Amino acid sequence: MDELDRRLLTELQRGLPLDSHPFRVLGYDLGLGEEEVIARLRSLKEQKVLRRVGGIISTKDIGFTSALVAARVPPERLEEVAAVVSEYPGVTHNYQRPGELNLWFTLIARPEENLETLVDEIARRTGAELHLMPTLQTFKIGVQLDLTGGADDA
Amino acid sequence: MPERPDELDRAILRELQGDLPLVSEPYREVAERVGISQEELLQRLEVYLKRHWLRRLAGVLYHQRAGFKHNVMGAWRIPAERRRAAGAFMASLPRVSHCYERPEFPGWPYNLFTMMHGQTEAEVQETVEEIRRGVQPEAYLLLPTLREFKKTSMQYF
């Protein structure tokens, strides 16, 4: 990654223009032509720095519900319980963290599903103590990392 | 009732939840796949942004590979009367990507959550100190990711 890649990625996280040639527009400010922007993005994808370019869907605004769930799992059962949790397509993040609540996952329910019912089912299947932690107030949502002015070339 | 996606909307969002092709006219390709013109697609995308079905069209990174190797969840106890101001302060920090209020429960006295990302551990620690000084939490926990069992994007449609 060079400095131009970093600026390109920082800009691309903010948004891709709604234009028939979005990569050309994206390149203007950076002084890059369309073909170079596309070539750089393809390479960044191959390097697994760029995960995807696409729509960031607002879960609740399309009628889905979501929450963070914290679980208290006996350490010796952590992998087994985590595997059951990860089976659910609505679980997008599932992490071990330190402390008594040692497994944390995000759960999304479809409009025809019910979040509490899903959590009850997971609790029943795993025998783990689960705590549903819905969002009461959102102060910030959106991962836009500033890559510019950072460390040396990686 | 807010508008909900109809069949064509869902077909479009199905394409957009994944990957746009890295080509000169990516929207034209998506439009062809769902059987409409590029102009109609762009108009619809504007509407989706207005309705907030889409927060934005953008690039999403792999944090780790992009150099952000230190990712920590912070759980903070802030009294109710100071919570809104504290949340706004936390949200203003560039290394805080997400900030939410969530309910307390017996044995869990924390009510504000932050996700913090740094290229080094020191950067995360610096952000923690900024928050401590800025919002004076009654208590807090730092919960780094010890293991990632699953991390994926939601397939909505």
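Annotations
- Among residues of region B:133-149 that are of a type in the set (Asp, Glu), those with a Cβ under 7 angstrom from a residue that is loosely packed, with under 14 Cβ neighbours inside 10 Å and not in a strand (DSSP E or B), sequence gap 6+ or separate chain, pair up as B:Glu138/B:Pro79.
- Screening A:Pro89 with (1) assigned to a loop (DSSP other than H, G, I, E, B); (2) over 14 Å from B:Phe149 (Cα atoms) gives one miss only, at (2).
- Whichever residue in region B:127-144 is more than 12 Å from B:Leu112 (Cβ to Cβ) and touching a Gly at 6+ places or on another chain (Cβ under 9 Å) and, among such residues, is most open to solvent (accessible area, probe 1.4 Å): B:Leu142
- Odd one out for B:Val96, checked against (1) facing chain A (nearest Cβ under 8 Å); (2) farther than 30 Å from B:Leu13 by Cα; (3) touching a helix residue (DSSP H, G or I) at 6+ places or on another chain (Cβ under 6 Å): (2)
- The set of residues in region B:64-90 that are open to solvent by 20 Å² or more (accessible area, probe 1.4 Å) and either part of a helix (DSSP H, G or I) or facing chain A (nearest Cβ under 7 Å) (or both) comprises B:Arg65, B:Ala80, B:Glu81, B:Arg82, B:Arg83, B:Arg84, B:Ala85, B:Ala88, B:Phe89.
- For B:Pro5: the one exception among (1) farther than 30 Å from B:Glu148 by Cβ; (2) at pLDDT below 95; (3) surrounded by fewer than 20 Cβ atoms within 10 Å (Cβ to Cβ); (4) touching a helix residue (DSSP H, G or I) at 6+ places or on another chain (Cβ under 8 Å): (3)
- Pairing residues of region B:12-36 that are more than 7 Å from chain A (Cβ to nearest Cβ) with residues that are aromatic (Phe, Trp, Tyr), at Cβ distances under 7 Å and at least 6 apart in sequence or on separate chains, gives B:Arg14/B:Phe157.
- Within region A:94-107, the residues that satisfy the criterion of being in contact with a helix residue (DSSP H, G or I) (Cβ under 7 Å, 6 or more places away or on another chain), buried (at least 21 other Cβ atoms within 10 Å of the Cβ) and under 25 Å from A:Thr59 (Cα atoms) are A:Asn94, A:Leu103, A:Phe105, A:Leu107.
The values are calculated or read from the model by the stated rules, or taken from the named source; none is laboratory data. Quick caveat: nothing in here was measured; it's all calculated off a predicted structure. All Cβ positions, even for glycine, are placed from backbone atoms using ideal geometry, and neighbour counts span all protein chains on display. SASA here: full protein model, heavy atoms, side chains in, ligands and nucleic acids out. Shrake-Rupley method; radii C 1.70, N 1.55, O 1.52, S 1.80 Å.
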